1. Sequence gap at least 6, Cα distance under 8 Å: using those rules, report the relative contact order of region 171-310 to the nearest whole percent.
2. Given the C-alpha atoms of region 253-295, compute the convex hull and give its volume per residue in Å³.
3. Please compare each pair in 222/249; 177/222; 249/321; 249/315 to a cut-off of 21 Å on the Cα-Cα distance and tell me which ones are over it.
4. What's the local net charge at residue 263, with K and R +1, D and E -1, over the other residues with C-beta under 10 Å away?
5. Please rank 205, 99, fewest neighbouring Cβ atoms within 10 Å first, as an exposure proxy.
6. Whats the longest run of the chain with zero trypsin sites (Lys or Arg not before Pro) that are DSSP loop and have at most 12 other Cβ atoms within 10 Å?
7. At 1.306 mPa s and 10 °C, plugging the Kirkwood radius over alpha-carbon pairs of region 183-308 into Stokes-Einstein gives what diffusion coefficient in µm²/s?
8. For the chain, return all DSSP H helices satisfying: extent of Cα atoms along own axis at least 15 Å; mean Kyte-Doolittle hydropathy at least -0.5.
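Read the figures in this text as sums done on the coordinates, not as results from a lab. Everything numeric in this text was worked out from a predicted model, so none of it was measured. FYI the Cβ positions are ideal-geometry reconstructions off the backbone, even for glycines, and counts take in every protein chain you see.
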Amino acid sequence: MHDLLRVLIQGLLCILTVGGVSLVGASAQTDAYPTKPINFIVPFGAGSTTGIISRIVGQHLGAALGQTVVVEDKPGANGAIAATYVARAAPDGYTVFMSTNSPHSAAPSLNKSVPYDPVKDFTPVTRIGSFTLILVINPEIPAKTIPELIAYAKANPGKLTFGSGNTSGVVAGETFKSWAGLSLTHVPYRSSPPAVNDVIAGRVSMMFSDLTSTLPHVQAGKLRALAVTRMQRSALVPDLPTLDEAGVKGFDMDSWMAMFVPANTPPAIVTKLNTETRKIIDNPEIKARIAALGFETFGSTPGELGDFVKVQLVKWTKMIKDAGIEPE
């Protein structure tokens, strides 16, 4: 009996020792993070505003953490391709999702199905900020205000088209079309830059896009800007009215960007990424540099981002339903 008890105790001690070593090893790995390059996954094609901002943040984060940050574009399926890739990645902090409302808020309703859960499959890290969206048209269209554009579109049903390079462009365009009672044909693109080029060339009539992709062309006279999508005017383009001011009452759309990692990533790694990223986007010089792109930076705690994502998912689901957009 004593011999059996002694064997059991020795076995238990052995298990505890091995488990302790394992736990110490895991803790050491977390403390040492990062020990290799970090991959930022962007859900859009080359040249997107999300990609540009990701590269700015990645450059500074890499310097802060002593490792290279590699930015990889994975466009398609309203961001679902990139989201699925990150959701299935190892939860070790080396695959970071620079996401937006496209894969996290809109894709679950715009696509017939997505192979990921926007809440359960990701661990929130921090908000990055929000975009300013504007409605731009080809200058050949004889309209200089929203009422003039609506009148022209109604007088020429089916003649005008709108392009989109992301879900914000899709939902904004379809909402505008529905609320104003217009007949517009949607022309989708995988990212904003090629859509902008086609509006400039006159192959597409108009689009809702971020300031980064369009403001230089507006200033050069290649595009005409008519309104912003938020309820408040933008400090970057203060002369542009809001759609609400211009007569499309209640139109309010805010596009956002945030950082996520796969679910079950160790809390210590999430905390490190949150702390260092917020230092970067709160830096006045970096904040000003990104503001020049038409993007307002601000951070959050992981918990605040988690709550925000749930609210936005409900909001975008309703907007898509109200606009009568059928999933594809």
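1. Values: 103 pairs, mean separation 22.9, N = 140.
So the answer I get is 16 percent.
2. Numbers: hull volume 3.6 nm³, N = 43.
Looking at region 253-295, the number lands at 84 Å³ per residue.
3. Working: 222/249 28 Å; 177/222 23 Å; 249/321 18 Å; 249/315 17 Å.
Among 222/249; 177/222; 249/321; 249/315, the Cα-Cα distance tops 21 Å for 222/249; 177/222.
4. Values: positive: 120; negative: 117, 121.
Result for the local shell: -1.
5. Working: 205 24, 99 27.
Ascending number of Cβ neighbours within 10 Å: 205, 99.
6. Values: sites that count: 88, 112, 120, 144, 249.
Looking at the chain, 145-248 is the longest stretch - no exposed trypsin sites (Lys or Arg not before Pro) with at most 12 other Cβ atoms within 10 Å.
7. Working: Rh = 17.2 Å.
Approximately 92 µm²/s, per Stokes-Einstein.
8. Details: long enough: 2-32 (45 Å, 1.10); 49-65 (24 Å, 0.84); 167-180 (19 Å, 0.19); 267-282 (22 Å, -0.20); 302-322 (30 Å, -0.20).
Span-like helices in the chain: 2-32, 49-65, 167-180, 267-282, 302-322.
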